[in-house]
Amino acid sequence: MKKHYSWLCFDADGTLFDFNYAEKIALKNAFLSLSLDYQDQHLDVYQGINHQLWQALEKREITSELLKVRRFELLLEALQMAGSANHMSDAYIEHLGNCAEMIDGAYDVIDTLHKTSRLAIVTNGLQKVQRNRLARSLIRDHIAELIISEEIGAAKPKAAYFDAAFERIGNPAKSDVLIIGDSLSADMRGGVDYGIDTCWYNPMSTPRPTDLPITYEIAHLHELLELID
């Protein structure tokens, strides 16, 4: 049986936007901006470093301002390359914000759902990247609120982030809100702990954790249309 939600809160990277593609393009251009040789294996090294730092951000162990540059300091060190981490960070963020390619089917789903629910993007991403990307995207006129951790000073899955998000969307009843995202730690854990329904976007069919009571699970965004009225 379908359920209606007055607000649908979507994660951005890896849920609506094709972050894997954008990340690869942005990293390559960041290397080229420093006249450094880029190899495909550099992406794997970067992703490992970046993943650890974003986990630290979720735990409030570092700030987003530090993360922006520290990941490139560690990358250059790991690759034994000389260059400015600040310059590389600026180039990477600029190119990442220019990539507005969406996950397959995302536009059609958003175009349908915005007719019956209000839509928000809830993201731990960086302000410049997320605002530039949304402004360039096909869904820019369908999104009522863009809530960015860097702007509000708290990150998913912390309750402080969801408190700020709910204030931005008018403090609806928690039963009227659904969060849709690909991250178990940020989106699903955050939503469960805050008391709202959750939808795990799981295109790789990763085994579902037994200790996390997720409301819905989908492998393709089109499946949302079968769940939501």
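The values are calculated or read from the model by the stated rules, or taken from the named source; none is laboratory data. Remember, predicted model here, so these are calculated numbers, not experimental data. Positions of Cβ are backbone-derived with ideal geometry, glycine not excepted, and every protein chain shown enters the neighbour counts.
Here are a few things to note about the model shown:
- Any hit, the range 87-108, residues being closer than 19 Å to L66 by Cβ, small (G, A, S), out of contact with any Lys or Arg (no Cβ under 8 Å at 6 or more places or on another chain) and surrounded by 15 or more Cβ atoms within 10 Å (Cβ to Cβ): yes
- Within the range 66-80, not a single residue is in contact (Cβ under 8 Å) with a residue 24 or more places away in the chain, among the β-branched types (V, I, T) and touching a helix residue (DSSP H, G or I) at 6+ places or on another chain (Cβ under 9 Å).
- All helices (runs of 4 or more DSSP H) inside the range 141-214 with 2 or more residues being surrounded by fewer than 17 Cβ atoms within 10 Å (Cβ to Cβ): 149-152, 159-168
- Meets criteria (under 20 Å from L184 (Cα atoms), among the aliphatic types (A, V, I, L, M) and without any contact (Cβ under 8 Å) to a residue 12 or more places away in the chain) for A12: no
- Flag for K2 being loosely packed, with under 15 Cβ neighbours inside 10 Å, outside the structural domain of V109 (by TED's automatic domain parsing) and within 30 Å of H114 (Cβ to Cβ): yes
- Residue match in the range 217-228 (condition: assigned to a helix (DSSP H, G or I), modelled with pLDDT of 95 or more, under 18 Å from S149 (Cβ atoms) and not small (G, A, S)): no
- Candidates E61, E65 - the one that is touching an Asp or Glu at 6+ places or on another chain (Cβ under 9 Å), of a type in the set (D, E, K, R) and modelled with pLDDT under 95: E65
- Set K115, K128: member being more than 17 Å from I179 (Cα to Cα) and either assigned to a helix (DSSP H, G or I) or in contact (Cβ under 8 Å) with a residue 12 or more places away in the chain (or both): K128
- For the range 131-152, a residue qualifies if it is within 19 Å of V177 (Cα to Cα) and at pLDDT below 95, and exactly one does: S149.
- In the set (1) of a type in the set (S, T, Y); (2) farther than 16 Å from Y21 by Cα; (3) surrounded by 21 or more Cβ atoms within 10 Å (Cβ to Cβ), the condition left unmet by S117 is number (3).
- When E217 is tested against (1) in contact with a Phe, Trp or Tyr (Cβ under 7 Å, 6 or more places away or on another chain); (2) free of Cβ contacts under 8 Å to residues at least 24 places away in the same chain; (3) within 26 Å of I62 (Cα to Cα), exactly one condition is not met: (3).
- Scanning the range 1-29 for residues that are more than 11 Å from the chain's Cα centre (by Cα) and in a strand (DSSP E or B), we see that the one that is nearest to Q41 (Cα to Cα) is C9.
- Put simply, of Y38, Y46 the only residue that is in contact with a Lys or Arg (Cβ under 8 Å, 6 or more places away or on another chain) and surrounded by fewer than 16 Cβ atoms within 10 Å (Cβ to Cβ) is Y38.
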